[in-house]
2 protein chains.
Amino acid sequence: MPQQDRAYATREAILHAAAEEFDRLGYERTSLTAVLARTGLTKGAFYFHFPSKEAVADALVERQSELWARMRETWRLRGLDPLSALHGMFAESADRMAADVVLRAGVRLNADREVGYPGVPNTHLLWEKLVAAYVFEAAERGDLRPGVDPEAVARTLCSAALGSRLISSATTACADFPERIREVLGHVLPSVTSAGWKLSGSQTASETP
Amino acid sequence: MPQQDRAYATREAILHAAAEEFDRLGYERTSLTAVLARTGLTKGAFYFHFPSKEAVADALVERQSELWARMRETWRLRGLDPLSALHGMFAESADRMAADVVLRAGVRLNADREVGYPGVPNTHLLWEKLVAAYVFEAAERGDLRPGVDPEAVARTLCSAALGSRLISSATTACADFPERIREVLGHVLPSVTSAGWKLSGSQTASETP
């Protein structure tokens, strides 16, 4: 393997091993020793790639952040109505998190930095704003029931997604997160959508037709 | 003040001061020194009442657990239909948590012990079971829409309540938890209830009539 490929593979192995630990234990309780044991690397080899445990965590947080940006763009290009796009993104996020420990760890690390650390700008409020923009757009198109508050819908969906992730993560390593998130969507959207709205085109690859 | 009353007052002052710290920082990052500084007590006086930080946390967890048991009993005695009782209990819980740091800390400590500590029997799954029992009872009475899965409804409500509490706690010290929990109920119950069900008698004292 050329040296550059080998360096890339080692960096990925470190990210994956660290993700396994961060996902289970969170940032504070993850030890560099445990990460090294998983990879079989020496401390020296580790420090060649990352200056610290924090730098690995930063890389994982960065990676999930890039993925969400790409996912939003992909769904935008599909040209669905905003609530169908939102449904699709929530479902796809859960599917990906159930399948990918690197993503799961990045999401946990990002959320742990925010919830419970007052004073840090709160990621969850940013998510609520982002989701609310879709729901506002739905309201403008007449897809919401009269009287429904788009920001309140965003708060409910984001709260339920956070709670589902935490419970699913603690109990099944997110294996039942896809099912839980679809339950949430199925229990909330009928209450807030107008009679004319219908879910379209938001099935992800993992869903049975 | 008789000695027994003074001992009781000191114990309560410790619980309250510790709750202020636990509520903001969680168990790990709360220091006994900060708790003592809040109360003005010496270490000796503290240890007269509690053998350790853990013992204070245990007392706070115990207190919230007793409160929920009393609240369930109170709502049971009101003889409402199960979904109205559930609505009332969720709303009252949020109202109490917004008003009472001792309760809030107990709930946080209890939940922190569970979520993210795989292997510990999970409080959230117990809550889901408890909530599901009410929803099953509602199904038997015909209060649910045909095809709605009571356990799935319980999962959605418990997830949304957990997520709401965490976001509300991190952003407003639970001040907006009462509003958030009512939004959740208002967004979920219409999707899952039959046309004949109507919320009854579940307004709590804090709600405007």
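Just so it is clear, none of the values below were taken in a lab; they were calculated from the coordinates. All figures in this text were calculated on a predicted structure; none of them were measured in a lab. For neighbour counting, all protein chains shown are included, and Cβ atoms are generated from backbone atoms with ideal geometry for every residue, glycine included.
The loop-placed trypsin sites (Lys or Arg not before Pro) in the range B:1-86, going by DSSP, that have at most 13 neighbouring Cβ atoms within 10 Å of their Cβ come out as B:R78. Mean per-residue shielding of peptide A:170-177 is 3, counting Cβ atoms of other chains within 10 Å of each Cβ.
Of the residues B:A132, B:V184, A:A170, the one whose Cα sits farthest toward the positive end of the charge dipole of the protein assembly as shown, with +1 on the Cβ of Lys and Arg and -1 on the Cβ of Asp and Glu, is A:A170. Rounded to 0.05, the FRET efficiency of the B:K198 and A:A99 pair, given R0 = 51 Å and the Cβ-Cβ distance, is 0.75. For the protein assembly as shown, a simple Cβ point-charge model (Lys and Arg +1, Asp and Glu -1, everything else neutral) yields a dipole of about 440 debye relative to the Cα centre.
3J(HN,Hα) couplings calculated from phi for the range B:37-49 with the Karplus curve 6.51 cos²θ - 1.76 cosθ + 1.60 (θ = phi - 60°) are, in sequence order, 4, 5, 8, x, 8, 7, 4, x, 4, 4, 5, 5, 9 Hz; Gly and Pro show x. Report the local net charge at A:L189: Lys and Arg +1, Asp and Glu -1, summed over other residues whose C-beta lies under 13 Å from its C-beta. Net charge around A:L189: 0. Inter-copy label distances at A:P146, using a point 7 Å along Cα-to-Cβ, come to 3.0 nm with the shortest given first.
Look at the stretch A:179-185: the mean tally of other chain Cβ atoms within 10 Å of its residues' Cβ atoms is 4.
Electrostatic bookkeeping for B:R72 treats Lys and Arg as +1 and Asp and Glu as -1; over the other residues with beta carbon under 14 Å from its beta carbon, the sum is +1.
Straight-line reach from A:K198: which lysines have a Cα under 24 Å away, not including same-chain ones fewer than 8 places off? The reachable lysines, counting only those whose Cα sits under 24 Å from A:K198, are A:K129.
Distances, shortest first, from the label point of A:A133 to those at the same position in the other copies read 4.5 nm; the point lies 7 Å along Cα to C-beta.
Distances from B:F48 to itself in the other copies, using label points 7 Å out along the Cα-Cβ axis, amount to 6.2 nm in increasing order. Kirkwood radius, the protein assembly as shown, all distinct C-alpha pairs, inverse of mean reciprocal distance: 23.2 Å.
Contact order normalised by length for the range A:1-114, with contacts defined as Cα pairs under 8 Å and 6 or more residues apart; what percent is it? Averaging sequence separation for qualifying contacts and normalising by length gives 39 percent for the range A:1-114. Taking the centroid of alpha carbons for each part, the range B:132-164 and the range B:7-42 are 38 Å apart. Please give the helix A:101-114 orientation as an angle from the longest Cα principal axis of chain A, in degrees from 0 to 90, rounded to the nearest 10. Approximately 80 degrees, to the nearest ten. For the range A:159-199, trypsin sites (Lys or Arg not before Pro) are listed when DSSP marks them as loop and at most 13 other Cβ atoms sit within 10 Å of their Cβ; the list is A:K198.
Radius of gyration (Cα atoms) of chain B, expressed as a multiple of 2.2 N^0.38 Å: 1.14.
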